[in-house]
Amino acid sequence: MSDETPEITPEPATTGADVPPGHLSVNPGSPFFDAEKLQRGVGIRFKGRVRTDIEEYSIPEGWVRVQAGKSLDRKGQALTIKLTGPVEAWYEDLGENPPVARKD
């Protein structure tokens, strides 16, 4: 018997008003752009590390898009790189231990 308390991890959630969508983009030209959800503040954990430079993510497909330096395409949009790995998302306005959307 140990005196240590077990670490409490948030339960994975896949639906509900307090869970971000499975696919979201910060680009207004994308079909996955949603200004209301982005205004709430979406936190992203990719491969166990909290990232703030994510342009787009997909939890079911397990990838994120990040900017590739300062390069621009011919339309003036930032070039992005798709990175694959486990992705988790949550709303930052919910405080401590918010419900986390992740692939099971």
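Every read-out reported here was derived from the displayed coordinates using simple, explicitly stated rules and does not represent laboratory data. Keep in mind that this is a model prediction, so the values were computed, not measured. Note: ideal-geometry Cβ built from the backbone for every residue, glycine included; neighbour counts use all protein chains shown.
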q = 0.13, 0.14 Å⁻¹, segment 19-102: log10 I(q)/I(0) [Debye, one scatterer per Cα]: -0.40, -0.46
Whole-Hz couplings from phi, Karplus 6.51/-1.76/1.60, listed for segment 46-54; x for Gly and Pro: 10, 6, x, 10, 6, 10, 10, 9, 7
Amide H contacts of Asp34 (H built 1.01 Å from N, under 5 Å, at least 5 apart or other chain): Ser25
Distance between modelled label sites at Val66 and Thr52, nm, 7 Å Cα→Cβ extension: 1.4
Paramagnetic reach from Arg40 in segment 66-89 [backbone N under 19 Å; point 7 Å along Cα→Cβ]: 87-89
